[in-house]
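To keep things clear, I will list the structure first and then write my remarks on it.
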Amino acid sequence: MLKTSLLIIIALFAYLLLWPVPIDPVSWNAPINQHFTGDFQQNTRLDKIEILELEDTHGPEGLAQLNGEIYTATREGWIIRYNEATGTMTKWVNTEGSPLGLVFDAEDNLLIADAYKGLLSVSPAGEITVLTDSYNGVSMEYVDDLDVDAEGKIYFSDASTKFGAQSNGGTYAASLLDTMEHGGHGRLMVYDPADQSTSMLMDGLNFSNGVAVAEDSSFVLVNETGSYRLHKYWLKGDRAGTSEVLIDNLPGFPDNIVRGRDGRFWVGLISPRSQQLDDMSASPFLRKIVQRLPASLRPQAVSYSHVFAMDKDGEVITSLQDPDGEHHTNTGAMETDNWLYISSLHADNLARISRENAGI
């Protein structure tokens, strides 16, 4: 009996120390988590949300609007249209992939960042076209978010060149792998419809995610989910072609960025930071061991509702939270005349809060 127990213990230790894992963690020093203090002081302002039920779909991650209708992308591949005036919810098109970020161009085509399919365009008639799905002959396997400038150029994130969404069990599973490795596999890209070219603007990002272009097209923002920060990449002026960290050491994992009104940008924090993950940041060996544990014991997103708005200089304007996480894993927010719509990675529904209750 003792011999058997010892063999089991030896086998367990061998597994934890030697079993192959898909990640090759990189050492880094996570900034000290300030938690919910200062501009992000904990509050319950999102407990005033209104729930909009989605039928047979879930995870309304991306948001866009056109002619009084709200468009959202769901985990089942559907683009759903919600009519604000009638309250009607309609399934429009299905990309048969994993649509994430959404935005309309000047011709009312819906542009989609699809993690499985690449950068897509859907005509008003519902015809789907692949604009680009590769760079320098190599497939892009995790196109994440996007925005379009005044000239029609489409800026988008390629979240991870190593952990493709479809080949690693879906967008969430792949994001966990990339975040655990912290290997700088993310990129900021641009597609130019004029010559159908795809170019890279930034690389070395730790899970590049949300993208938003300034109203005057002078810069583009991209967040770095795995490093809790957002970058500003200049498109015009003396600093064109350079970047800077706009806001750093966020209390959660930033997801989408959506340009709002009056110079605001809305950012969704999909989950508060994991102290376990931060404590392991400088220990690649320990992160490999944790990766060998059952998924339930590894760092995961937790249910906490949080979106915030900032200005072009990274100054926080407002922070909306609900610690109970009724509408959790928030990916972003989008303003209309009367509402602030809130998206989610895992929730079964779409949410909104009145502009009055949101304080905007």
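Read the figures in this text as sums done on the coordinates, not as results from a lab. From a predicted model like this one, the values you see are computed outputs, not experimental measurements. As a convention, Cβ positions derive from the backbone with ideal geometry for all residues, glycine included, and neighbour counts pool all protein chains shown.
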**Request:** List the relative contact order of the chain as a percent without decimals, with contacts defined as Cα pairs under 8 Å and 6+ residues apart.
**Result:** 17
**Message:** Angle check, please: helix 2-18 long axis (alpha carbons) against the longest principal axis of the chain (alpha carbons), in degrees 0 to 90, nearest 10.
**Reply:** 40
**Message:** Can you give me the angle between helix 171-181 and the longest principal axis of the chain, using Cα atoms only, in degrees from 0 to 90, rounded to the nearest 10?
**Reply:** 50
**Message:** Tell me the relative contact order for segment 236-340 as a rounded percent, counting alpha carbon contacts under 8 Å between residues six or more apart.
**Reply:** 31
**Request:** Filter the GluC sites (Glu not before Pro) in segment 147-223 down to the DSSP loop ones having no more than 15 other Cβ atoms within 10 Å, then list what survives.
**Result:** 151, 215
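What number comes out for the charge environment of residue 342, summing +1 per Lys or Arg and -1 per Asp or Glu over other residues with Cβ under 13 Å away?
Working: positive: 45, 48, 352, 355; negative: 47, 50, 61, 255, 322, 326, 335.
So the surrounding residues net to -3.
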**Message:** Through the Karplus equation 6.51 cos²θ - 1.76 cosθ + 1.60, θ set to phi - 60°, convert the phi angles of segment 250-257 into ³J(HN,Hα) values in whole Hz; use x for Gly and Pro.
**Reply:** 5, x, x, 8, x, 10, 6, 10
**Request:** Any chance you could check the Cα centroid distance between segment 293-340 and segment 22-80 for me, in angstrom?
**Result:** 5
**Request:** Filter the cross-link list 48/117; 91/117; 162/236; 117/153 down to pairs whose alpha-carbon distance in this structure exceeds 28 Å.
**Result:** 48/117; 162/236
**Request:** Name the residues whose placed amide hydrogens come within less than 5 Å of the amide hydrogen of residue 103, ignoring near sequence neighbours (fewer than 5 apart) on the same chain.
**Result:** 111
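Only four residue types carry charge here, +1 at the Cβ of Lys and Arg and -1 at the Cβ of Asp and Glu. Report the dipole size of the chain about the Cα centre in Debye, rounded to the nearest 20. Mind showing how you got there, number by number?
Values: 25 positive and 50 negative charges, 296 e Å.
The dipole of the chain has a size of about 1420 debye.
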**Complete:** Yeah, segment 27-102 with a ≥ b ≥ c from its alpha-carbon gyration tensor (a/c under 1.5 is rounded, else prolate when a/b outruns b/c, oblate otherwise) is oblate
**Complete:** What helix-only [θ] at 222 nm does the chain give? Using -39500 (n - 2.57) per DSSP H run of at least 4, over all residues, to the nearest 500, the answer is -3500 deg cm²/dmol
